[in-house]
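Below is one structure, written out as structure tokens, with a few remarks after it.
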């Protein structure tokens, strides 16, 4: 259970976290505190959304300083947690946590992997899980860009079991005021992927996507019971009266 010390500090089963939104990647061992780049509001929302999951298989895409990986492990106690990250250097705090808790093989860091490299993602999941539809939770906090995020979704969503959830963090950055209005102006907004997934839900009636739960900090897409074909592309799976979907 999460014990909130204040809005910037929490304790989870004896591990203390410090919330830090500075954007600096903590590579060094932080000592008694694990640095977590999330807000108090976001952590509480995740704790609520992830409450049904325990002793499960988890894939995290976008590890950054490793604090989130440690949070998911303390919160979910997964059978296996595969942590995929673009950067090559594993933060010392994460390595220390794995070593001190004898979690080699339970937490599996896969660093130096681009989320848009679907062949690399597929190889990792085949190696770690062997069979499709055995993953319970995917959490994507990686690039936040439309094309790479969709590429990862198209590959990883197929591995979710029926009722599993795929979390896309910070989906709404293009609609946040201030400096976010200048982000990636030449690229489509990540929210386009949520629009497409909602249309897939409407079109297929829950066969592919059974639910889209949209919150400010993340969206949770629940896997339907249908078997998905390979290759799978969410952008081709909705009807729009013959009109082209114009991305913003």
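Filter the range 20-49 for residues that are in contact with a helix residue (DSSP H, G or I) (Cβ under 6 Å, 6 or more places away or on another chain) and surrounded by 15 or more Cβ atoms within 10 Å (Cβ to Cβ); which is farthest from residue 78 (Cα to Cα)? Break it down stepwise before answering.
Kept after step one, since they are in contact with a helix residue (DSSP H, G or I) (Cβ under 6 Å, 6 or more places away or on another chain), are these residues of the range 20-49: 28-30, 34-36.
Filter once more, keeping what is surrounded by 15 or more Cβ atoms within 10 Å (Cβ to Cβ): 30, 34-36.
Details: 30: 24, 34: 19, 35: 21, 36: 19 Å.
Taking the candidates together, the pick is 30.
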Here the residues within the range 216-248 that are under 21 Å from residue 141 (Cα atoms), in contact with a strand residue (DSSP E or B) (Cβ under 9 Å, 6 or more places away or on another chain) and assigned to a loop (DSSP other than H, G, I, E, B) are 217
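Conditions (1) at pLDDT 95 or above; (2) surrounded by 15 or more Cβ atoms within 10 Å (Cβ to Cβ); (3) in contact with a strand residue (DSSP E or B) (Cβ under 7 Å, 6 or more places away or on another chain); (4) assigned to a helix (DSSP H, G or I), marked per residue:
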| site | (1), (2), (3), (4) |
| --- | --- |
| 149 | yes, yes, yes, yes |
| 154 | yes, yes, no, yes |
| 157 | yes, yes, yes, yes |
| 184 | no, yes, no, no |
| 189 | yes, yes, no, no |
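Which one of 136, 213 is crowded, with 19+ Cβ neighbours inside 10 Å and touching a strand residue (DSSP E or B) at 6+ places or on another chain (Cβ under 7 Å)? Before the answer, list the steps.
On the way: 213 fails: crowded, with 19+ Cβ neighbours inside 10 Å.
Just a single option satisfies the conditions, and that option is 136.
Within the range 80-101, is there a residue that is on the phi > 0 side of the Ramachandran plot and surrounded by fewer than 22 Cβ atoms within 10 Å (Cβ to Cβ)?
We begin by selecting, within the range 80-101, every residue on the phi > 0 side of the Ramachandran plot; these are none.
The answer is no; no qualifying residue exists.
Could you check, for the range 12-22, whether at least one of its residues is in a helix (DSSP H, G or I) and under 18 Å from the mean Cα position of the chain (by Cα)? Explain how you work it out, then say what you get.
In the first step, residues of the range 12-22 are kept if they are in a helix (DSSP H, G or I); the result is none.
So far as the range 12-22 goes, no, none of its residues is in a helix (DSSP H, G or I) and under 18 Å from the mean Cα position of the chain (by Cα).
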For the range 156-184, pairs from a residue that is at positive phi to a residue that is surrounded by 14 or more Cβ atoms within 10 Å (Cβ to Cβ) and at pLDDT 95 or above, with Cβ under 6 Å and 6 or more apart or across chains, are 170/144
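The values are calculated or read from the model by the stated rules, or taken from the named source; none is laboratory data. Everything numeric in this text was worked out from a predicted model, so none of it was measured. Don't worry about glycine lacking a Cβ; one is built from the backbone with ideal geometry, like all the others, and counts go over all protein chains shown.
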